[in-house]
Structure formats: C-alpha cells, structure tokens
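Each remark here refers to the structure printed beneath this line.
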Amino acid sequence: QVQLVESGGGLVQAGGSLRLSCVASGIIFSINTMDWYRQAPGKQREFVAKITSGGNTIYADSVKGRFTVSRDNAKNTVYLQMNSLKPEDTAVYYCFRGIGGTWGQGTQVTVSS
C-alpha cells in the first residue's frame, strides 16, 4: 500500500523559513517523480514544485527563488525548503506522486504578517 506522510508545517512570521518533509512507503521511491502542491482556504489546489527521479526540478513562478525541492532516496523522503515566506504562502501543503495519483494528508503552513 502506497503511503505519503508530510510533516514540518507550522506557524512562522513573514520572512521566515520552514522545511517540509514527505516520507513515502510502499513504492520504489528512487524512480518516482514527486510533487508538492498547496491549497489555500477558498482556493483550488495549485502546483508548487516537482523533482524527477534524476533530480531535475520545476517550480511555480510564485515560489521560484524562494523554495527548493530536494530528495533523499536513501530515506524515501522528499523535502521542500521554504525561505522568505509570505502571508500568501499560507496553505495546506501536500505531497503527490503522479503515478497512481497518491496524495499525502497534508501539513498546514501559516505565515503571519
């Protein structure tokens, strides 16, 4: 059974940083592209970042230069380092594996002004 478990969310002031983690189980993690999405209250879920099995990355324009996605295949974990956080980054952040369409349960990030 495929499972994705996010952690690392919390409350932070604008300009601060957080690192999210997503641990995967039930898959051969190293061969999977992994994505991060987020959903703010009253808004649709939106793409944040992607990392391929080869380590190539893609970012939404809204986070480019502030967020960094990385992976540790030995730990079956994908990370999202978020710097220079803004109030508009407030959302539930989800880990996503495209093959099979598996979502994590999400972790709340709240950025205060």
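The values are calculated or read from the model by the stated rules, or taken from the named source; none is laboratory data. Note that the coordinates shown come from a computational prediction; the quantities given were computed from them, not determined experimentally. Glycine also receives a Cβ, built like all others from the backbone with ideal geometry; neighbour counts cover every protein chain displayed. When the accessible area is computed, the model is the full protein with side chains, heavy atoms only, and any ligands, DNA or RNA have been set aside. Shrake-Rupley method; radii C 1.70, N 1.55, O 1.52, S 1.80 Å.
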- Query: When only residues in region 91-113 that are touching a residue at least 24 places away in the same chain (Cβ under 8 Å) and over 13 Å from the mean Cα position of the chain (by Cα) count, which is least open to solvent (accessible area, probe 1.4 Å)?
  - Reply: 111
- If residue 51 passes every condition in (1) open to solvent by less than 20 Å² (accessible area, probe 1.4 Å); (2) closer than 23 Å to residue 110 by Cβ but one, which one does it miss? (2)
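Among the listed residues 4, 85, 80, identify the single one that is buried (at least 19 other Cβ atoms within 10 Å of the Cβ) and closer than 17 Å to residue 112 by Cα.
Values: 4 fails: closer than 17 Å to residue 112 by Cα; 80 fails: closer than 17 Å to residue 112 by Cα.
None of the others qualify; the one that does is 85.
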- Query: What strands (runs of 3 or more DSSP E) lie completely within region 1-40 and have 2 or more residues being closer than 17 Å to residue 62 by Cα?
  - Reply: 34-39
